[in-house]
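Values quoted throughout were computed directly from the atomic coordinates according to the rules given, and no laboratory measurement underlies them. The shown structure was predicted, so the numbers you read here are calculated from the model rather than taken from an experiment. Cβ atoms come from the backbone with ideal geometry, glycine included; neighbour counts cover every protein chain shown.
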Amino acid sequence: MSFSNLMRSIESKKFTITGEIDPPKGANRKVVVHQAKLLKGNVVAANVTDNPLGIMLMGGLACCAIMQNEVGLEAVYQVTCRDRNRIALQSDILGAAALGIRNVLALTGDHPSLGDHPQAKPVFDLDSVQLTAMLRKMVGEKTDLAGNKLNVAPEMHIGVALSPGLSPIEPEIIKLEKKIKAGAEFAQTQVVYDIKVMEKLKDAIAHLDIPVLVGIAPLKSIGMAKFMAKNVPGVVIPKEIMEKLEKSKNIKETTIEITAELLRDIKEIGFAGAHIMPVGMEDAVGEIIKRSGVRG
Amino acid sequence: MIVTKQKPMEELLEIIKPYKKVAIMGCGGCATVYETGGRRQVSELASKLGNVVVSGVIPRLCSIEMVKTKMPREIEGTAAIIVLSCGIGVQTVAEFLSEKVVIPGLDTFFMGRREDNFFVEFCLGCGNCILHTTGGICPIARCPKSMLNGPCGGVYDGKCETDRTRDCAWMLIYSKLKSQTKLHLIRSAAAPKDFIKIAHTRKIGGAK
């Protein structure tokens, strides 16, 4: 049984594309509405990040509700273990379900030392595998983690993250196996620019039954490309892509082309779909998808 | 060992300002081994301060019996005692000499050991040791997120996202268990930690 458009799309075996919005630094809900409007119609659902890199932003739950209620774009509520213990996590999940959120992505979360409040006490009461199992218990067994009955259980699909760039990849696959066993229904990956990494990932998960949406993010500048390669773990940007960007007279156009090609690669290799993190290029997402022809 | 460091001299001088005469007590345990509160550090501090009327080292300041039997009588003549030990020693002395002001001369960090020019944390005292399942490498103490089910997404070339000079504990665990053909040990999901055993303030039975 599917509770969400995202899951219905995955189950229909259509190439499924999700997007992502960045909550604002401040209480400006227009930022959420603006990004969501640009993505609506292009993606089946959009993730809302949970204070990524430990940088304090508007809470994801509020953003998900704004996005769904005011724009009508389905949310994937990203939940990390960095700032909330098992009590707060479950409590927020119940609230999210009551607000109509039907997809959740279970993450461990970045360490606060990377963010803008490095002095904060890290929580990490649970890790992503344990969070997945807890969510499954709430949805499936209709109880909380302690076994107490929930009067109405949340109806949500549980997604998990996957880091294709970890080398060797085996420990990541072992962890994915545990997540699947714990109840994960779909996976979204960290950004990938290298088709070899995609192919390696496809082989590594061949024995597993889980739809994977491969992460991509348009490189809006050469600076961003260099930053990603240096600072995002496991991200490799192939020489050809760097050369294309360096030679480009119109970076936006080139990036749309590169990202469209990556989308085609993801579909050809046989993944269930793609997860586009537009990081400021929300207005280009429609064109990227159109040009890739993956919906054709 | 319990890892300690001497407080900055300016901070210590500020704390002892109100006291004309002070005593210094060092500890013969961890603080002696790691040269923060042994005989030499006690006498060095005494000569820097100049108003120290009595000083010494007690074999284990974390033992209430040793503090009771080995504390020098001359301590009576001072209002304040600087203790060069971990927080356990400081509190034990404070309890025994309840009318005196006890000043920590050291900052206490963690349970760990020396590695080259660093002290590294190795145990968080979580009350439920799992080292037999993780190749003798503790993910609770040596992973900043205390992950129990494998590495997080923040591994850069085998190093940790929070400190790229430190090996990811989970990559070490993986390599070790792989080389021992014991990867099955980490294939089933580890349940959430029981923080009843970890939460402050802890007290356990069984002391003899």
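Points to keep in mind about this one:
- Theoretical ellipticity at 222 nm over the protein assembly as shown - DSSP helices of four or more residues, -39500 (n - 2.57) apiece, nearest 500: -10000 deg cm²/dmol
- The stretch A:5-215: C-alpha gyration tensor shape, a/c 1.5 cut-off, then a/b vs b/c: rounded
- Environment charge of A:Ile222, counting only residues whose C-beta is closer than 12 Å and scoring Lys/Arg +1, Asp/Glu -1: +2
- Taking A:Ala75, A:Ala206, A:Ala225 as the candidate residues, the one with maximal mean-square fluctuation in a Gaussian network model of chain A, Cα springs under 10 Å, is A:Ala206.
- Among A:Leu57, A:Val43, A:Ile173 the positive-end extreme of the charge dipole of chain A (Cβ point charges): A:Val43
- Segment A:Glu70-A:Asn5, length gained on full extension (0.36 nm per residue, minus Cα span): 21.7 nm
- Rg/Rg_globular for the stretch B:126-186, with Rg_globular taken as 2.2 N^0.38 Å and Rg from C-alpha atoms: 1.05
- Local net charge near A:Pro211, Cβ-Cβ under 10 Å (Lys/Arg +1, Asp/Glu -1): -2
- Neighbour counts of other Cβ atoms within 10 Å put A:Phe186, B:Phe119, A:Phe227 in the fewest-to-most order A:Phe227, B:Phe119, A:Phe186.
- Gyration tensor (alpha-carbon) shape descriptor, the stretch A:34-120, a/c threshold 1.5: oblate
- Both radii are taken from the alpha-carbon atoms of the stretch B:2-109; with Rh as the Kirkwood radius, Rg/Rh is 0.91.
- Links that overshoot a 27 Å alpha carbon limit, given the list A:Lys25/A:Lys249; A:Lys25/A:Lys230; B:Lys68/B:Lys197; B:Lys21/B:Lys70; A:Lys25/B:Lys193; A:Lys226/A:Lys249: A:Lys25/A:Lys249; B:Lys68/B:Lys197; A:Lys25/B:Lys193
- Selection of trypsin sites (Lys or Arg not before Pro), the stretch A:1-108, meeting DSSP coil and at most 10 other Cβ within 10 Å: A:Lys13
- Cβ-based net charge around B:Lys21, under 12 Å, with every Lys or Arg adding one and every Asp or Glu removing one: 0
- Note that the protein assembly as shown, at 37 °C in a medium of 0.692 mPa s, gets a Stokes-Einstein diffusion coefficient of 128 µm²/s from its Kirkwood radius over C-alpha pairs.
- Across the cross-link table entries B:Lys5/B:Lys145; A:Lys137/A:Lys267; A:Lys14/A:Lys149; B:Lys145/B:Lys182; A:Lys37/A:Lys149, which are compared at the Cα atoms, the separations over 27 Å belong to A:Lys137/A:Lys267; A:Lys14/A:Lys149; A:Lys37/A:Lys149.
- Length-normalised contact order for chain B - Cα pairs under 8 Å, 6+ apart - percent: 17 percent
- Note on A:Lys202/A:Arg291: beta-carbon distance plugged into 1/(1 + (r/R0)^6) with R0 of 25 Å gives a FRET efficiency of 0.60.
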